[in-house]
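Worksheet for the structure shown next.
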Amino acid sequence: MGKGSKLPAIAEFDSVGLRYGTGAEVLRDLDFRLADGGFYFLTGPSGAGKTSLLKLLYLAQRPTRGRIRLFGEELSEAAREELPPFRRRIGVVFQDFRLIRHLSAFDNVALPLRVAGATDEEVEGPVREMLAWVGLADRASARPATLSGGEQQRVAIARAVINRPQLLVADEPTGNVDADMANRLLHLFTALNRLGTTIVVATHDIGLIRATPGAQMIRLENGSVVDPTGLLRNPPPGHR
Amino acid sequence: MMLGWLFASPAERRLLGTSRFRGPTPWVIAIMSFSIMIIAATGLALANTAGALGEAIEARYAVVVPNGAQNLDALAQALKSAPGVTAVEAVTQGEMRRTLQRWLGPAAESADLPVPALVNFDTRHGADLRPIRQRVQAIAPAAQISAHRDRVAPLLRSMRSVQWLAFGLVLLLSGAAAAAVVLAARGALDTHRFTIEVMHGVGATDLQVTHLFQRKIALDALVGSLAGAVAGALVLLLLASGASFAGELMGGASLPPIDLLVLVLLPFTLTILATWVARMAVLAALRGTL
Ligand SMILES: Nc1ncnc2c1ncn2[C@@H]1O[C@H](COP(=O)(O)OP(=O)(O)OP(=O)(O)O)[C@@H](O)[C@H]1O
Ligand SMILES: [Mg+2]
C-alpha cells in the first residue's frame, strides 16, 4: 500500500479478488490506491475485467476476497444498509447508460437528488441547469427512447454528476459518440476533476488518454494490474 | 410519520409507471374480501344465535306428564312457589293439540290420541332441582323433568362447529390473499428490477424502494377489499331482507354493533395485512441483492 503517494486515498484495494459464482477469478491480487482528486484511466483488452473493477468501485459488487476502503471506510464487508450514503457520493456513467425508460430526461437526471431527499423546488433549478450544460435544455421532457445515443449518454452523464459526487466512474463513455462529443466529454471530466472530483474512466480510447495530461493509467490484463510502474506514470495534480 | 410512505409525490409515483389497478391483484383481493365478508357474517350470526339460544335455554326445563294432567293448574302453582323457579308457562292440552294438528291434521282432535301435558319453567342459575322434582312428583307421579339444554345440545354443538369452521375459513382466505400479495409483490419487483437497480445505484435505501411498492400494493388492496366488502354487504342485505326465512336463519339478521364493527373493519384489516405482507416480501427480496 502507499506506493509512494502521500495524498489521501479515496479508494484503496488490498489483495482484492473477484469471482462470479463458482467461476475462475476475473480479478485477482489487486493492490492499488486511487488518490483523492486524481484522474485515472483504466485500460486493457476486452474481458480483462475493467467493468468488474468499476463495479467494485461504485459498490455494485462485493469482492470475494481482500479489502476495499472507500472514502476512508472499510466497505468490503459493510452491511448493505450502510452502503447507500456512500453510493450517493459516487456518480456512475454506465456503458449502456441505464436510463429509466418510462421517465423523462428531466426525471432521470433528477433521480439522485430526489433519492437524497430533495423537494421538487430544490430539484428544478439544478436539473434545468445541468440539462442546459449538456446541451439538452429543450429535451427535458423527452423519454430516453426518443433521444439519440449521444443524447442519452449526455442525460446519463448529467445524472452522474448532478449530485456533485466525490468520485465519478465512467465505463466506456466515448463508445457511442463522435470525436467532437468525446472531446467535450473529456473537457467536462477535466473541469469536474479541477473542482476536486476524482475521475475513473474505463476506456479503450488511447486518444482520450493522450489528450488528458496529468491523468494516470491503470492497465488491466487478465484480471490483474500489469505494468505497476505505469500506475504512477503521471502523478496526480498537485503531487510532486 | 409512520404513514408518510402513503403520500408519494408525483415524481415518486412516476418511478413505477402508471400501471396501477391493471394487474389481477385488486380482483383477487376483491374476491377474497367478498368471500371473507359473507363467511364472517355467517359465522358471527351463528355465534350470536347459538349464544342467544344457549342462554335462553340454559336454565329452562320442561315437565312432561305423558298422559296429560287434569291438575295442570295445580302443577303450575306448585312450580311457581318452588324455590329457585323464576318463570312458569303451562302449555294446555288444547294448545298441544293445536300444535299437533299442524303436523297430524284432524287426527289430532281425536280423543284417542294421548296428548302429554307440558309445563315449561325457568330457574335461577345453579338452582337445586331436587326440591322442585319432589313437588312435581307429589302432584303428578308420572311426570318427568327434562332440561332443554340436553335436547338442544347437539344442535348447539353443530352450530358452534360451523361457526368455528367459518372463522377458520376466514383465516384461510386471508392467508390465500396474503399469498396472492406475495406473488404480486414478486411480480412487481421483477417488472421493475431495472428501476430498482438504478435507484440502488444512485443511493436509494431499501426502505425508499420498498415504500414505492408498499404504497402501490396498499392502494390495490384497499380498492380490492373495499369493493369486495361492499359487494358482500349488498348480498348479505339482500339475503337478510329479501327472503323472510333468511331472517330467521340468520338469527333475526341483526348483528350487535360490535359484530357490525368487526365486519366493517374486515376490509381494512385485510388491507393492512396485504400491505404488511407486501412490505416483508419486498424487503426480503431486496436483501438478496447488493
Ligand atoms: N455478471 C457476470 N457473471 C459472470 N461472469 C461475468 C459477469 N460479468 C463479467 N463476467 C466475466 O468477467 C470477465 C471480465 O468482464 P468485464 O465485463 O469486467 O470485462 P471488461 O474489461 O469490462 O470488458 P469490455 O472491454 O469488453 O467491456 C469476463 O470474462 C466476463 O465474461
Ligand atoms: Mg466493460
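The values are calculated or read from the model by the stated rules, or taken from the named source; none is laboratory data. The structure displayed is predicted, hence computed values, not measured ones. No Cβ is skipped: glycine too gets one built from the backbone with ideal geometry, and neighbour counts run over all protein chains shown. Accessible surface areas use protein heavy atoms only, side chains included; no ligands, DNA or RNA. Shrake-Rupley method; radii C 1.70, N 1.55, O 1.52, S 1.80 Å.
Inspect all residues belonging to region A:38-46 and state whether any of them is surrounded by fewer than 17 Cβ atoms within 10 Å (Cβ to Cβ), away from chain B (no Cβ under 12 Å) and under 30 Å from A:Gly149 (Cα atoms). Yes, region A:38-46 contains at least one residue that is surrounded by fewer than 17 Cβ atoms within 10 Å (Cβ to Cβ), away from chain B (no Cβ under 12 Å) and under 30 Å from A:Gly149 (Cα atoms). Note on region B:12-27: residues that are at pLDDT 80 or above and within 14 Å of chain A (Cβ to nearest Cβ) amount to 3. The residue list A:Arg80, A:Arg69 contains one member that is at pLDDT below 90, away from ligand 1 (no atom under 16 Å from the Cβ) and surrounded by fewer than 22 Cβ atoms within 10 Å (Cβ to Cβ), which is A:Arg80. Within region B:91-103, is there a residue that is open to solvent by 60 Å² or more (accessible area, probe 1.4 Å) and closer than 30 Å to B:Ala41 by Cα? No. Within region A:49-60, is even one residue more than 16 Å from ligand 2 (Cβ to nearest atom) and either open to solvent by less than 10 Å² (accessible area, probe 1.4 Å) or within 14 Å of another protein chain (Cβ to nearest Cβ) (or both)? Yes, region A:49-60 contains at least one residue that is more than 16 Å from ligand 2 (Cβ to nearest atom) and either open to solvent by less than 10 Å² (accessible area, probe 1.4 Å) or within 14 Å of another protein chain (Cβ to nearest Cβ) (or both). Output the residues belonging to region A:188-203 that are of a type in the set (Val, Ile, Thr) and open to solvent by less than 10 Å² (accessible area, probe 1.4 Å). Once the filter is applied, which keeps residues that are of a type in the set (Val, Ile, Thr) and open to solvent by less than 10 Å² (accessible area, probe 1.4 Å), region A:188-203 yields A:Thr198, A:Ile199, A:Val200, A:Val201, A:Thr203. Using the structure shown, decide if A:Gly17 is assigned to a loop (DSSP other than H, G, I, E, B) and either more than 16 Å from ligand 2 (Cβ to nearest atom) or within 14 Å of chain B (Cβ to nearest Cβ) (or both). In short, no. Identify the residue in region A:41-53 that is near ligand 1 (Cβ under 8 Å from one of its atoms) and of a type in the set (A, V, I, L, M) and, among all such residues, is nearest to A:Glu82 (Cα to Cα). Looking at the filtered set, the residue picked out is A:Leu53. Condition first: open to solvent by less than 50 Å² (accessible area, probe 1.4 Å) and more than 10 Å from ligand 1 (Cβ to nearest atom). Can you find one or more residues in region A:21-32 that meet it? So far as region A:21-32 goes, yes, one or more of its residues are open to solvent by less than 50 Å² (accessible area, probe 1.4 Å) and more than 10 Å from ligand 1 (Cβ to nearest atom).
Restricted to helices (runs of 4 or more DSSP H) entirely inside region B:110-225, those with at least 1 residues that are charged (D, E, K, R) and within 14 Å of chain A (Cβ to nearest Cβ) are B:193-201. What residue, among those in region A:83-104 that are more than 8 Å from chain B (Cβ to nearest Cβ) and within 16 Å of ligand 2 (Cβ to nearest atom), is surrounded by the most Cβ atoms within 10 Å (Cβ to Cβ)? In this case the residue turns out to be A:Val93. Does any residue of region A:34-42 turn out to be farther than 21 Å from A:Leu186 by Cα and either free of Cβ contacts under 8 Å to residues at least 40 places away in the same chain or away from ligand 2 (no atom under 16 Å from the Cβ) (or both)? Looking through region A:34-42, none of the residues is farther than 21 Å from A:Leu186 by Cα and either free of Cβ contacts under 8 Å to residues at least 40 places away in the same chain or away from ligand 2 (no atom under 16 Å from the Cβ) (or both).
Residues checked against (1) touching a Lys or Arg at 6+ places or on another chain (Cβ under 8 Å); (2) at pLDDT 85 or above:
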site: B:Ile29; (1), (2): no, yes
site: B:Ile57; (1), (2): yes, no
site: B:Ala62; (1), (2): no, yes
site: B:Gly84; (1), (2): yes, no
site: B:Ala87; (1), (2): no, yes
site: B:Arg102; (1), (2): no, no
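Only a single criterion out of (1) within 8 Å of another protein chain (Cβ to nearest Cβ); (2) assigned to a loop (DSSP other than H, G, I, E, B) is not satisfied by A:Arg114, namely (2).
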